[in-house]
1. What residues qualify as long-range amide H neighbours of Phe35, i.e. H under 5 Å apart, gap of 5 or more or another chain, H built at 1.01 Å from N?
2. Could you bin all the Cα-Cα distances of the chain into 10 Å bins starting at 0 and give me the percent of pairs in each, rounded to whole numbers?
3. Between Lys92 and Glu142, what is the FRET efficiency for a Förster distance of 30 Å, r being their Cβ-Cβ separation, to the nearest 0.05?
4. For Val206, Val54, Val120, Val68, which order do you get if you count the other beta carbons within 10 Å of each Cβ and list the fewest first?
5. What is the distance, in nm, between label points placed 7 Å from the Cα along the Cα-to-Cβ direction at Asp74 and at Gln210?
6. How big is the Kirkwood radius of region 129-231, worked out from every pair of different alpha carbons and given in Å to one decimal?
7. Given a Förster radius of 25 Å and the C-beta distance between Ile24 and Leu104 as r, what FRET efficiency does 1/(1 + (r/R0)^6) yield to the nearest 0.05?
8. On a 25 Å Cα-Cα criterion, which of the cross-link pairs Lys177/Lys226; Lys92/Lys129; Lys70/Lys92; Lys144/Lys226; Lys129/Lys220; Lys135/Lys226 come out too long?
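The numbers here are math on the coordinates, done by the rules we state, and not lab data. Given the structure is predicted, the values throughout are model-derived calculations rather than measurements. We place every Cβ from the backbone using ideal geometry, glycine too, and count neighbours over all the protein chains shown.
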Amino acid sequence: MRLALCEDEEVFQDVILDYLNPYILEDRNISIDVFSSGVGLLDRYTRGERYDIVFLDVEMPGILGVDVAKRIRDIDPSAILIFMTAYTQYVKDTFCINAFQCLLKPIKRDVFNEEFERAVNCSNKMKCKYSITNKDKRTIFEIKDIVCIEIYHRHLRLSTVDSSYEYTGSLGNEEKKLSNYGFVRCHQRYLVNMRYIFQVGSDSFVLSTQKRIPISRRLKNDALSKCHRFLMGYCL
């Protein structure tokens, strides 16, 4: 598991590294890269680096953490973003870009541990495999890569960021299998991975892929409620 810590103040870097050290010692598969500015972190992303969990300070010189997060979302919508700030007025802004959590400084160890373990659990669930079969051809995905599944010409169409795959099945059955992985049924024809929701409207979701998904009147209240809970970090 790859972690990134983006914090401009060394004293807070040291605190978070101290909190993470027991986890890193226990699991050698956990690694962490530390950045003192958002510019350095974004440079890694543009060079193809990816992180499972990103800790972001909100207020940093050069580029704010929220703006860094927006660019990360454009590149990797599945990254788990945990903000850190001493200013409560920034909390609402962080959840508008689907933050996993926003921790208020000074961060207590027990609070950090609880949220980090929850984030690890979420990341591991998103790495679970999901398979579909079409004409005896089996295709396997990581759940985090599935953007949405829709009914299309009496078949199902599964979409990732850059491809789509048609297969035979029931959207109701797919909903049952994915209900615990951050997916929401917002329309009779659509099942959406909430990690890719970029904008919530009164009658549609706009995804980070620019695809617009309608919200039916029958499912509207339930879909918006689930989306709200997810965006506030209580989904998993």
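1. Result for Phe35 returns Leu5, Cys6, Glu7.
2. Once binned at 10 Å, the Cα pair distances of the chain give 7, 32, 33, 20, 8, 1.
3. The formula returns an efficiency of 0.45 here.
4. Final ranking by Cβ density, sparse to dense: Val206, Val120, Val68, Val54.
5. 1.2 nm
6. Evaluated over region 129-231, this radius sits at 13.7 Å.
7. Calculated transfer efficiency: 0.55.
8. Table pairs above 25 Å Cα-Cα are Lys92/Lys129; Lys129/Lys220; Lys135/Lys226.
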